[in-house]
Amino acid sequence: MSVRVRFAPSPTGFMHMGNARTALFNWLYARHVGGTFLLRIEDTDRERSTKEAVQVIYDSLKWMGLDWDEDVIFQSDRLDVYRDVANRLIDAGFAYRCTCTREELEAIKVRMEAETGQKRYDRTCRDKKQGPDCGEHVIRFATPITGESAFEDLIQGSILKQQEELDDFIMMRTDGTPTYQFAVVVDDEKMRITHVIRGVDHIDNTHDQLNLYRALGFTPPQFAHAPRILGLSKRKGSPSVEYYRQAMGLTREGLLNYIVRLGWSHGDQEIFSMEELIAAFDLKDVNRASGNFDDVKLAWVNEQQLRKIPLELLADYVLPYFQEKGLNPEKGPWFYRMLDVIRLRATHLGDFVDRCDYFFNDIKEYEEKAAKKHLKSAMTPVLLELADRFEKLGEWTEEAIAAVMTRLCEEKDTKLGKIAQPARVALSGCAMTPGIYETIWLIGRERTVSRLKAATQWIAENDQT
Ligand code: GLU
């Protein structure tokens, strides 16, 4: 039997991290076993389910690269189906119409809580056998009164509950829409879902759902409830995919690699490519223990991914940031080399454009402290010498640049830092850049020569020592 899983979000207007992880676990499992990953939009709450909110789901999944198979199922298209199934259950004695008013229900719940310790329905309407013309009503499931509900969760192990602890839950609301609890079973059966992978907050719902499966004569899927993600509610920003993508400048690889590890592990490996994840992911390696959402670790994982992903892909990711600042670097060896050099120190996508102004624009001002320390009269002959040798250099390669500098150090009997630091300030305006050879190569011969000369000019005008 081939595996069929689904991601079934309600359109809320944003893709919460917990949902993103559920989508990822389902997708990875499907891709790992060569199964099918389906998308179902649980949009029976008419007020919240706007077109925009559905678009957020599509956009987030697309950005994460979680492509779905087959057509998207919308619950709102299936209202007739739910109504028919509900009527079938009433006819078979597994469900009933309940006409209790809101006020009556309030009073019932208060009384039940006092009597049984649980706020629930007292089954007043269960044996009334009210017909469709009973006036405004909901349809409730007639939960078994005795016995136990047990199932083997693929992640949480054996789960058991006494039926007497369960309520006669509402299947259809007064407005004719189904509740989550009911629609989920009807749809999972229709979509031939074999594995329901979702958050552990749904584990209690599973008992009601299993009772429905039994009443309908359907074979239930296997259930796998992933552990909670702790620490999201305390965070400042909204814990949504959109937030991490836009405001934090995370890569898809970084975010997915981080959230997959909130509950799943594979030995002590921390960093995975998508191919590695697909090959390694299995439900049996999802742990029961909750994961803690930690922005510092997330940033670290993103850093590792920035260093790992192909440069062509990185270029696609960062180009919009450059364009936003009016820079239009061409994709090619120069740009790739620059990204390769900067990525060793970058954490977020926005860091690239922030750290490379001097590769594009001439220096307007030297950093005060750096200039004071490194741009001294004594350095003028060395900087001019360097400019001269670079001007005459045959081949403009990083190796040739390195050879020029090493040679000059030998001749002057000095350490590289003594020459490299002033050159760095002259070329970039600041005291911290990537390696000096690659920085010089990237700045290019002409600009290197003219900036070295300009620095000696500055020294002449400013250094009083
Ligand atoms: N719409 C439900 C949710 O977003 C789906 C739960 C399920 O997968 O059964 O939590």
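Things to note:
- Among residues of the stretch 445-465 that are within 17 Å of Trp396 (Cβ to Cβ) and touching a residue at least 24 places away in the same chain (Cβ under 8 Å), those with a beta-carbon under 9 Å from a residue that is among the aromatic types (Phe, Trp, Tyr) and crowded, with 16+ Cβ neighbours inside 10 Å at least six positions away or on a different chain give the pairs Arg445/Phe390; Thr448/Phe390; Thr448/Trp441; Val449/Phe390; Arg451/Tyr358; Leu452/Phe390.
- The single condition from (1) surrounded by 16 or more Cβ atoms within 10 Å (Cβ to Cβ); (2) touching a Cys at 6+ places or on another chain (Cβ under 9 Å); (3) in contact (Cβ under 8 Å) with a residue 24 or more places away in the chain that Thr124 fails is (1).
- Checklist (1) in a loop (DSSP other than H, G, I, E, B); (2) more than 44 Å from the chain's Cα centre (by Cα); (3) modelled with pLDDT under 95; (4) not β-branched (Val, Ile, Thr) applied to Glu115, failing item: (1)
- Taking each residue of the stretch 415-429 that is within 18 Å of Lys364 (Cα to Cα) and looking for partners that are among the charged types (D, E, K, R) and in a helix (DSSP H, G or I) with beta-carbon atoms closer than 7 Å, six or more apart or interchain, yields Ala426/Arg451; Leu427/Arg451.
- Those residues of the stretch 340-357 which are outside any loop (DSSP other than H, G, I, E, B) and either touching a Pro at 6+ places or on another chain (Cβ under 8 Å) or surrounded by fewer than 20 Cβ atoms within 10 Å (Cβ to Cβ) (or both), in sequence order: Asp340, Val341, Ile342, Gly350, Asp351, Asp354, Asp357
- Count - residues of the stretch 206-219 that are farther than 16 Å from Arg88 by Cα and either surrounded by fewer than 16 Cβ atoms within 10 Å (Cβ to Cβ) or more than 11 Å from the ligand (Cβ to nearest atom) (or both): 4
- Members of the stretch 180-205 found to be under 17 Å from Ala142 (Cα atoms), in contact (Cβ under 8 Å) with a residue 60 or more places away in the chain and either surrounded by fewer than 20 Cβ atoms within 10 Å (Cβ to Cβ) or of a type in the set (Phe, Trp, Tyr) (or both), listed by number: Tyr180, Phe182
- The criterion of at least 3 residues that are over 27 Å from Ser238 (Cα atoms) and of a type in the set (A, V, I, L, M, F, W, C) is met, among helices (runs of 4 or more DSSP H) falling completely within the stretch 1-107, by 79-91.
- Note on the stretch 304-330: among residues that are modelled with pLDDT of 95 or more and among the basic types (Lys, Arg), the one that is nearest to Ala247 (Cα to Cα) is Arg307.
- Condition met for Ile90 (within 15 Å of the ligand (Cβ to nearest atom) and β-branched (Val, Ile, Thr)): no
- Scanning the stretch 12-25 for residues that are more than 9 Å from the ligand (Cβ to nearest atom) and crowded, with 21+ Cβ neighbours inside 10 Å yields Met15, Met17, Ala20, Arg21, Ala23, Leu24, Phe25.
- Matching residues, the stretch 343-359, being within 20 Å of Met248 (Cα to Cα) and more than 24 Å from the chain's Cα centre (by Cα): Arg355, Cys356
- Yes/no for Tyr336 being part of a helix (DSSP H, G or I) and touching a residue at least 40 places away in the same chain (Cβ under 8 Å): no
- Listed here are the helices (runs of 4 or more DSSP H) enclosed by the stretch 252-325 that have at least 1 residues being of a type in the set (S, T, N, Q), more than 15 Å from the chain's Cα centre (by Cα) and over 24 Å from Ile229 (Cα atoms): 311-324.
- Lone qualifier among Glu312, Glu276 - being loosely packed, with under 14 Cβ neighbours inside 10 Å, over 18 Å from Arg343 (Cβ atoms) and either touching a strand residue (DSSP E or B) at 6+ places or on another chain (Cβ under 8 Å) or not hydrophobic (A, V, I, L, M, F, W, C) (or both): Glu276
- In the stretch 407-443, the qualifying residues are those that are hydroxyl-bearing (Ser, Thr, Tyr) and in a loop (DSSP other than H, G, I, E, B), and the one that is surrounded by the fewest Cβ atoms within 10 Å (Cβ to Cβ) is Thr414.
- Residue within the stretch 147-165 that is surrounded by 14 or more Cβ atoms within 10 Å (Cβ to Cβ), touching a strand residue (DSSP E or B) at 6+ places or on another chain (Cβ under 7 Å), under 24 Å from Arg88 (Cβ atoms) and without any contact (Cβ under 8 Å) to a residue 60 or more places away in the chain present: yes
- With respect to being touching a helix residue (DSSP H, G or I) at 6+ places or on another chain (Cβ under 6 Å) and either surrounded by 16 or more Cβ atoms within 10 Å (Cβ to Cβ) or of a type outside the set (A, V, I, L, M) (or both), Glu242 falls outside the description.
- Members of the stretch 26-56 that are of a type in the set (Gly, Ala, Ser) and more than 13 Å from the ligand (Cβ to nearest atom): Ala30, Gly34, Gly35
- Filtering Leu262, Leu230 for residues that are touching a residue at least 60 places away in the same chain (Cβ under 8 Å) and in contact with a helix residue (DSSP H, G or I) (Cβ under 9 Å, 6 or more places away or on another chain) leaves a single hit, Leu262.
- Within this structure, Leu283 passes the test of being over 26 Å from Ala431 (Cα atoms), of a type in the set (A, V, I, L, M) and either at pLDDT 95 or above or surrounded by fewer than 17 Cβ atoms within 10 Å (Cβ to Cβ) (or both).
The values are calculated or read from the model by the stated rules, or taken from the named source; none is laboratory data. Keep in mind that this is a model prediction, so the values were computed, not measured. Ideal geometry is used to build each Cβ from the backbone, glycine not excepted, and the neighbour counts take in all protein chains shown.
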